[in-house]
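Structure first, commentary second.
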Amino acid sequence: MYRIAVASFSHETCTFCPNITTLEAWEAGGMDYGEDALDYTGRGRSYVTGYKEVAEGYDDVELVGILRPGRPRTVGMGSWLTTEAFDVITGRIVDGIEAEMPVDGVLLALHGAMAVSNVPRPEAEICRRVRKVVGYDVPIMVTLDLHACEDEELSNITEGVFILKTYPHLDGHEIGVIAAKCIIETIRGDFKPAMACRKPGVISASVYQASEYHPMKTVYDRCREWEAKGVYCASVAPGFAYADVPDAGASVFVVTNGDHALAEEAAQDISDLIRELREDLTRPLPKAKDGVANVIKMVKEGTKPIVIAYHDDRLGDGTHVFKELLKQGATNFCTTSIADTEVLNGLARDHKVGDTVTVTIGGWVHPISGEPVKVTGRIEWLGPADWVETGPMGRGAERHDDLVASLDLGDNRHVVVSERLRAPMSSDPLKAIGLDVDSFDIVEIKSRVHHKAFWDTWSAVDYPVDPPGTTPADLSTLEFKHLPWDIYPIGEKWKK
Ligand SMILES: [Zn+2]
């Protein structure tokens with residue numbers, strides 16, 4: 001039997017967000033070990049379901065589950081991981097693999113945008129520590145989110161890097177399949193991975209990175225052309241701009257079967273293309289006031305319904321768009337998430353559905369989220385919510401909120417108060433709390449691109465706005481400390 005160890009350790013770290021991510025936060029999110037780490041019942045499709053599908057096709061391949069940490073319990077996204085959290089969890093992966101030795105390969109389901117105090121390139125470091133245990137004859141391959149921030153340190157320590165090709169992220173399973181096929185064929189001696197890596201030197205906000213739209217569509221189309229010309233897998237990560245790390249910015253990884261020259265040529269070509277498109281990856285977006293005014297005008301002129309993508313509130317308590325919707329007299333709208341645990345618990349303690357209440361919501365985690373907003377409305381939902389996701393993002397996953405409230409503010413205006421950021425990836429989470437989604441002209445969603453997989457089929461227009469937030473489109477408003485000096489458009493080199 002060929003035995004392939006499988007472990008996950010994934011975090012998209014917003015280093016501009018306020019709360020560090022501790023070991024305690026990870027422990028609170030839960031950890032699955034051994035066989036349990038491979039069980040995806042009720043979790044939808046992922047890299048690991050892709051690994052499993054491929055492994056099941058071989059009589060002589062067995063996947064060995066090591067560890068899968070759950071999502072750490074943090075307010076909003078979670079900032080820097082502590083060195084302790086990283087060392088301990090990586091240690092559990094390494095010890096778990098050591099206990100299962102000998103293994104013939106290692107598949108790691110990572111993210112790529114993890115940021116750790118005192119560890120400049122965490123994913124490469126995980127692979128280095130695993131390498132010490134398995135040695136240089138055992139292939140290590142990784143699957144990554146396209147928000148990964150990586151460079152050649154990762155390609156130097158692994159045999160294969162495979163990155164999501166779609167944003168919204170719909171292809172975790174498919175990328176898992178590509179990685180698992182590659183490692184199994186490599187173990188059997190039928191594939192000789194040759195990998196090239198490039199850094200185009202461009203950093204961009206997530207809101208510009210949708211894979212079905214220019215400019216990233218142009219880049220992904222080029223990747224598919226190289227694959228048609230014999231490249232096994234051409235991966236691009238446009239990167240996560242809100243992790244202030246030395247390997248920030250876009251990266252390109254190309255894997256071929258034994259053809260180094262082809263890998264290098266393709267990686268260079270794709271990297272050059274990203275550089276050519278750099279201005280399209282950094283264009284300005286409207287602020288909340290002008291954005292909401294434009295949306296109300298479009299609705300009046302008959303262009304509706306509209307989704308407002310409030311793309312930079314990673315804490316969940318942001319009020320900038322909600323405040324403008326109220327102030328500018330919008331009707332038939334739903335603000336789908338203002339995270340405010342204190343107000344929510346107060347409602348649950350003192351009130352019931354049908355009560356009319358006056359509450360002051362949002363704007364409590366960080367001043368950048370905007371002022372708290374005072375509203376009076378009738379409680380139309382108060383309690384837990386359960387649903388099975390039917391939209392393209394996470395289809396089939398069973399979802400649960402312990403507590404959520406919806407307030408009816410009159411004139412078909414609604415605001416959802418949630419424990420933490422609750423971005424509906426389809427209409428299901430809104431329907432689950434009794435909202436009549438098709439009656440809305442405007443739905444405000446705190447998301448950048450993922451929501452588009454469903455909501456673009458519902459709305460006439462998807463309208464991103466750029467209010468102040470922890471993850472703005474305009475990266476010049478953030479203070480980076482670790483970026484390469486020449487990265488476009490905000491490295492020292494480009495400062496006027
Ligand atoms: Zn992502």
Among C127, C182, C149, C197, the single one that is within 30 Å of G230 (Cβ to Cβ), at pLDDT 95 or above and within 15 Å of the ligand (Cβ to nearest atom) is C149
Any chance W364 is aromatic (F, W, Y) and modelled with pLDDT under 95: yes
Checked the range 31-42 for anything part of a helix (DSSP H, G or I) and closer than 20 Å to V88 by Cβ; matches are G34, D36, A37
Of (1) within 21 Å of the chain's Cα centre (by Cα); (2) buried (at least 19 other Cβ atoms within 10 Å of the Cβ), E174 satisfies every one except (2)
- Please tell me if D137 is surrounded by fewer than 24 Cβ atoms within 10 Å (Cβ to Cβ), within 16 Å of the ligand (Cβ to nearest atom) and within 20 Å of V6 (Cα to Cα). no
Subset of the range 309-342, residues of a type in the set (A, V, I, L, M) and either out of contact with any Pro (no Cβ under 8 Å at 6 or more places or on another chain) or free of Cβ contacts under 8 Å to residues at least 60 places away in the same chain (or both), comes to L325, L326, A330, I338, A339
| Going by the conditions given, is A453 among the aliphatic types (A, V, I, L, M), more than 21 Å from D312 (Cα to Cα) and in contact (Cβ under 8 Å) with a residue 12 or more places away in the chain? | no
Pairs returned, first residue in the range 208-227 that is without any contact (Cβ under 8 Å) to a residue 40 or more places away in the chain, second residue that is outside any loop (DSSP other than H, G, I, E, B) and not hydroxyl-bearing (S, T, Y), beta-carbon separation under 7 angstrom, 6 or more apart or interchain, are E227/C233; E227/A234
Filter the range 392-413 for residues that are buried (at least 20 other Cβ atoms within 10 Å of the Cβ) and assigned to a loop (DSSP other than H, G, I, E, B); the one that is modelled with the highest pLDDT is M393
Picking from E342, E324, the residue that is among the charged types (D, E, K, R) and within 14 Å of R420 (Cα to Cα) would be E342
Selection from the range 391-403 of residues closer than 22 Å to G377 by Cβ and within 23 Å of the chain's Cα centre (by Cα) yields D401, D402
So, first residue part of a helix (DSSP H, G or I) in the range 12-30, second residue within 16 Å of the ligand (Cβ to nearest atom), Cβ within less than 7 Å, six or more apart or across chains; the pairs are A25/G78; G29/R71
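This table checks each residue for (1) β-branched (V, I, T); (2) touching a helix residue (DSSP H, G or I) at 6+ places or on another chain (Cβ under 9 Å).
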{"residue": "L421", "(1), (2)": "no, no"}
{"residue": "A432", "(1), (2)": "no, no"}
{"residue": "T471", "(1), (2)": "yes, yes"}
{"residue": "L483", "(1), (2)": "no, yes"}
Screening A113, A180 for residues that are closer than 23 Å to D39 by Cβ and surrounded by 23 or more Cβ atoms within 10 Å (Cβ to Cβ) leaves only A180
Just one listed residue, out of P429, P424, P467, is in a helix (DSSP H, G or I) and buried (at least 23 other Cβ atoms within 10 Å of the Cβ), and it is P429
With criteria (1) closer than 19 Å to T158 by Cβ; (2) surrounded by 17 or more Cβ atoms within 10 Å (Cβ to Cβ); (3) not acidic (D, E), A85 comes up short on (1)
Filter the range 296-316 for residues that are closer than 20 Å to A423 by Cα and hydrophobic (A, V, I, L, M, F, W, C); the one that is surrounded by the fewest Cβ atoms within 10 Å (Cβ to Cβ) is I306
Considering residues that are in contact (Cβ under 8 Å) with a residue 60 or more places away in the chain and either surrounded by fewer than 19 Cβ atoms within 10 Å (Cβ to Cβ) or not in a loop (DSSP other than H, G, I, E, B) (or both), the number found within the range 243-261 is 9
Only one of T21, T15, T49 is farther than 12 Å from I89 by Cβ, away from the ligand (no atom under 16 Å from the Cβ) and of a type in the set (S, T, N, Q), namely T49
Check on W381, assigned to a loop (DSSP other than H, G, I, E, B) and aromatic (F, W, Y) = no
Note: among G105, G112, G135, just one is closer than 27 Å to F480 by Cα and in the same structural domain as C182 (by TED's automatic domain parsing), namely G112
Within the range 220-242, of all residues that are within 16 Å of the ligand (Cβ to nearest atom) and in a strand (DSSP E or B), the one farthest from V254 (Cα to Cα) is A237
Among (1) in contact with a Cys (Cβ under 8 Å, 6 or more places away or on another chain); (2) hydrophobic (A, V, I, L, M, F, W, C); (3) within 16 Å of the ligand (Cβ to nearest atom), L435 falls short only on (3)
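The values are calculated or read from the model by the stated rules, or taken from the named source; none is laboratory data. Keep in mind the model is a prediction, meaning the values are calculated, not measured. Neighbour counts run over all protein chains shown; Cβ positions are idealised from the backbone, glycine included.
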